Structures are given as C-alpha cells and as structure tokens.
Amino acid sequence: MWAYFKFEFFQFFSNKKNIAIYVILLFFSCYYALKIAPTYIPIEKVDVNEIEARYLTREEFLNNVEINEGTHHLTRFAATIFPEWNEYDKERLDSIEQHNLKEYAEATYKWYAYSDEMIFRYGGGFLFYNPGYYTYGNNYATMDGHYAYLYSASRYEGYSEGTSNLSVKVFEERTALQTLQRLLHAYLPLILIVSCILFTVDIVLKDRQNPTLLQGLPLSDWRRLIVKGGVSLLGSILAILPLSVGLLIIGARNGFGDFDLPVPIYFLGEFSNITIGKYLIQNMLFIVFWFVFIISLLLFVSVTIKNEFANLLVGCVFVIAEFIYFARGVAVVWNVQWYPTSYVQVGQIISGYRNYLYGTEALTFGNGLYVMGLCACIFLFFTFLISNRRKFKLL
C-alpha cells in the first residue's frame, strides 16, 4: 500500500494541471502582496487629522453653547454627550503625540464602545457611524457600523490588555498574520476549496490512461480510492506553501505580528477575544475538514458517474450553493446550520460574523466540524459499498 501511495504521490505532483494550479496560486499570492495589500485602506484607521478635527469641532460647540429654557432638545442632547466623547478623543491625541500606544489602545477601546452606545441606541437619524459604511447603497449600513464598532472596541481592548508589540500597522491590521486573518475572513477559504476540487477532479479517472498497469496491483478498489483521497488531501494542504510566499513579502514590509494578537469573536450578541494563533489553528482545522468533505464527495461522484466534468460541476455547486439562499436574517426561517454549504466562509463562521448576518447562533466551529465530518462519512460509506460490489470496476 505504501508503494502505491508513493506511485500516486509522484503522479499527483508530476501532473501538469496540478503544477499549473500551484504556479497560479504562487502568482496570485505575490501579486496580492505586491499590488493589492499596499493599497488596503481600512475604514477604521488611525487618522490623527480626523480625530483632531472632530475634537476641535465639538470643543468649539461646547465652549460657545448656551443652555436655557428655549434651547432645542437636540442641542441639549449634544451638550450632554459631547464632553465624554471629547475626553476620549483628547486621550487618543495625547497618547499618539507621546507615542504611548497602550494608552491609545485603551482610549480608543472606550471611544468605540461609547460611540456605538450613542449612535446605535440614541442616534435616531442624526448620529452616524463612519461614512465608509454608507456607500454603494448599503441598506444595512447601521448594522454594519454597529458590528464594526463593537468589533473594534473588543480588538482595542485586547491590545490594551495584551503583551504584543503595538504599532499603527498592528492597529490597522496590516501585519502578515493580520492580513492572513482578513483573507480567511474573505475569500481565501473559497480559493483553497476550489483548488482542492481541481486537484481531485481527475484523481480517479486519470487511471484510464494506464489500465493494464494498475489492474495488476494487489489492492482492492476501496484501498486504491483511500490512497487517492489521501494523496489529494496532502496535495490540497500543500497549496498553503505557494500562498505563504505572499505573506512573507507582506511580513518583510509591514512586520509579521505575533500569535498573541487579539481576534474578536462574536457570540450571543457580545464580543470576546481569542489569540490569532488559536484563530488560525481553528481555521486550518476547519479547512482540512472541508478538504476531506470535498474529496469524499468527488470520490463518490467518480465511482458513480465516472465523468470529470460531472466531478467539477458537483464540486462547484456545493461551493457556490450558499449564494442561492443567503439573505440577512434568513436563519429565522431556515435551519441553515444543517447545510454544509453554509460553512464555506470559514473565517466568518469562527469569528461569528456569519451568525450576525444570518441572525442565528447555530453556525459555530463545533457544528461546522460535525456537519462536514458527518457528510464526509456518509459519502465515504456509500463509496465503500459501491466499490465492493462484484460488478463494480474502478477503471
């Protein structure tokens, strides 16, 4: 069996299609690091001029406003809430000027928490979040701003309480590890899953090119399938290597960060922090479960339909199916936590953002592993039954 594994391993890494996939991943990794990452502008950035302008405007108002019986109620409200707001902004300005980033993180944490309380609870159409959330006709700008401000408050609280070396690049999540975190929250899991599909789509059917050689091997069809699945899993995991080149470039430019940096996790309406090291381990484990699920699915399709295009089509359908039913709050109507397709956005599942969008608390790391593992076992079980039928022929 080990000899057959080495044979499949050599074939996998000498396959021109697979080599092309690795090269494409390497190209996009370097392109992202050199062209896209430097242009990243976070909505919640460290902007001293913006903080100062906001502080001076409110300070001017507080120094000149006169409160009497005829004062408008909104003016009274502004005069009530502006002093604490300005207190935090003044602390932020002073700490940045003194290069005391711990104090800046603590003041910024309090600023975000207070800002969200004022805007979300009492805004009523005259207080707004950062204008960056009100673009492109976003109908959920207030909800996006609410989530982002609480996320930022939790993140800066983690900075103020942690032991990590702080910098503006850390605050703006530009370091290599934080960039990886942002990519896992976006489309990196999708890229890795699609790569796994492309690696696996022909791993069974390619044997048609050497039927005489392979028919003489003293292995059952089921064992051959398991070996093929193992090779495909290993090849999919190694796709991380060309992608890591881009992270090395980003790290050389912006620093690598450290594994103790905080990552806010949303659950039951509140945020708590875990370390970025734990966050990355959970993401990698989740993605490996996705690989196992995809490989087991495509092995099943390979032994039933025996067509590479069918493999590609079925794999892609499972990856993009979430777009068919996704809508904010749809979990109130549908039990989306039982669909494996709901767990494609791995980083968003672990961070709790997908729960926030769906309006549920059931899309969790544990539930995701359970659903993916159960589905993989079901596909492998049926593949086992089919491959052990007397009339079944793998080639």
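The values are calculated or read from the model by the stated rules, or taken from the named source; none is laboratory data. Please read all numbers here as calculations on a predicted model, not as lab measurements. Cβ sites come from the backbone with ideal geometry, for glycine too, and all protein chains shown count toward neighbours. The accessibility values were calculated without ligands, DNA or RNA, using every heavy atom of the protein model including side chains. Shrake-Rupley method; radii C 1.70, N 1.55, O 1.52, S 1.80 Å.
Using helices alone, what [θ] at 222 nm do you get for the chain, with -39,500 (n - 2.57) per DSSP H run of 4 or more residues, divided over all residues and rounded to the nearest 500? List each step's numbers first, then the result.
Values: 18 runs with 252 residues, N = 395.
Rounded to the nearest 500, it is -20500 deg cm²/dmol.
Rg and Dmax of the stretch 298-395 over Cα atoms: what are they, in angstrom?
Every Cα atom of the stretch 298-395 included, Rg and Dmax give 16.2, 50 Å.
Enumerate the amide H contacts of residue 273 below 5 Å, restricted to partners 5 or more residues apart or on another chain; note that Pro and chain-start residues carry no placed amide H.
When sequence neighbours closer than 5 places are left aside, the close amide H contacts are 265.
Per residue of the stretch 380-385, in order, report the coupling 6.51 cos²θ - 1.76 cosθ + 1.60 (Karplus, θ = phi - 60°) as ³J(HN,Hα) in whole Hz, putting x for Gly and Pro.
Once rounded to whole Hz, the list reads 5, 5, 5, 5, 4, 4.
Go ahead and run the numbers for FRET between residue 17 and residue 334, Cβ-Cβ distance against an R0 of 45 Å, rounding to 0.05.
Values: r = 37 Å, r/R0 = 0.83.
Efficiency, from the Cβ-Cβ distance: 0.75.
Kindly flag which residue pairs out of 45/102; 17/278; 90/169; 17/228; 35/90; 35/206 have an alpha-carbon separation exceeding 28 Å in this structure.
On the way: 45/102 16 Å; 17/278 34 Å; 90/169 21 Å; 17/228 16 Å; 35/90 36 Å; 35/206 37 Å.
Going by Cα-Cα distance, 17/278; 35/90; 35/206 fall outside the 28 Å limit.
Counting only protein heavy atoms, what percent of the accessible surface of the stretch 226-356 is carbon or sulfur at a 1.4 Å probe?
71
Modelling each spin label as a point 7 Å along the Cα-to-Cβ direction, I'd like the residue 134/residue 244 distance in nm, to one decimal.
Roughly 4.5 nm, to one decimal.
Please compute the per residue accessible area over the chain with all protein chains in place, 1.4 Å probe, rounded to a whole number of Å².
On the way: 19900 Å² over 395 residues.
That works out to 50 Å² for each residue.
Could you calculate the contour length gain from residue 45 to residue 28, that is, 0.36 nm times the residue separation minus the distance between their Cα atoms, to one decimal place in nm?
On the way: separation 17, 0.36 × 17 = 6.12 nm, distance 2.61 nm.
The span from residue 45 to residue 28 would gain 3.5 nm if fully extended.
Short version: ³J(HN,Hα) in whole Hz for each residue of the stretch 44-53, in order, from phi by Karplus 6.51 cos²θ - 1.76 cosθ + 1.60 (θ = phi - 60°), x for Gly and Pro, what are they?
Once rounded to whole Hz, the list reads 9, 10, 8, 10, 4, 4, 5, 4, 5, 4.
Arrange the residues 260, 116, 221 by how much accessible surface each exposes, largest first, with a 1.4 angstrom probe. All intermediate terms of the calculation are to be shown ahead of the outcome.
On the way: 260 100, 116 10, 221 35 Å².
The ordering from most to least exposed comes out as 260, 221, 116.
Among 18, 352, 289, whose Cα lies farthest out toward the positive end of the dipole of the chain, if unit charges sit on the beta carbon of Lys, Arg (+1) and Asp, Glu (-1)?
Among 18, 352, 289, the one farthest towards the positive end of the dipole of the chain is 18.
Which is the longest run of the chain containing none of the trypsin sites (Lys or Arg not before Pro) found in DSSP loop states (not H, G, I, E, B) with at most 13 other C-beta atoms within 10 Å?
Counting at most 13 other Cβ atoms within 10 Å as exposed, the longest clean stretch of the chain is 1-327.
Ranked highest first by average number of other Cβ atoms within 10 Å, how do 143-152, 369-378, 329-338 line up? Walk me through the intermediate numbers first.
On the way: 143-152: 20.8, 369-378: 16.2, 329-338: 13.9.
Put in order of decreasing packing, that is 143-152, 369-378, 329-338.
Normalised by the number of residues in the stretch 53-114, what is the relative contact order in percent for Cα pairs under 8 Å and 6+ residues apart?
On the way: 32 pairs, mean separation 18.6, N = 62.
Relative contact order here is 30 percent.
Taking the Cα centre of the stretch 48-171 as origin and charging only Cβ (+1 Lys, Arg; -1 Asp, Glu), how large is the dipole, in debye to the nearest 20?
Working: 10 positive and 19 negative charges, 76 e Å.
The calculated dipole for the stretch 48-171 is roughly 360 debye.
Among 220, 342, 272, whose mean-square fluctuation peaks in a Gaussian network model of the chain (Cα, cutoff 10 Å)?
Among 220, 342, 272, the largest mean-square fluctuation in the Gaussian network model of the chain belongs to 220.
Taking loop as defined by DSSP and a crowding limit of 15 other beta carbons within 10 Å, which chymotrypsin sites (Phe, Trp or Tyr not before Pro) in the stretch 258-302 fit?
Working: sites: 259, 266, 267, 271, 279, 286, 289, 290, 291, 293, 300; in loops: 259.
In loop regions of the stretch 258-302 (DSSP not H, G, I, E or B), the sparsely surrounded chymotrypsin sites (Phe, Trp or Tyr not before Pro) are 259.
Run the accessible area of the stretch 48-171 with a 1.4 Å probe and give the carbon-and-sulfur part as a rounded percent.
Working: 3490 of 6950 Å².
So the carbon and sulfur contribution to the accessible surface is 50 percent.
Give me the number: length gained by fully extending residue 2 to residue 270, i.e. 0.36 nm times residue separation minus the C-alpha to C-alpha distance, one decimal in nm.
Details: separation 268, 0.36 × 268 = 96.48 nm, distance 4.99 nm.
91.5 nm is the gain from fully extending residue 2 to residue 270.
Could you compute Rg(Cα) / (2.2 N^0.38 Å) for the chain, with N its residue count? Each step should come with its number before you reach the end.
Details: Rg = 26.2 Å, N = 395, 2.2 N^0.38 = 21.3 Å.
Ratio of Rg to 2.2 N^0.38 Å for the chain: 1.23.
Using C-alpha positions alone, give me the convex hull volume of the stretch 48-171 per residue in cubic angstrom.
Spread over its residues, the Cα hull of the stretch 48-171 gives 117 Å³ apiece.
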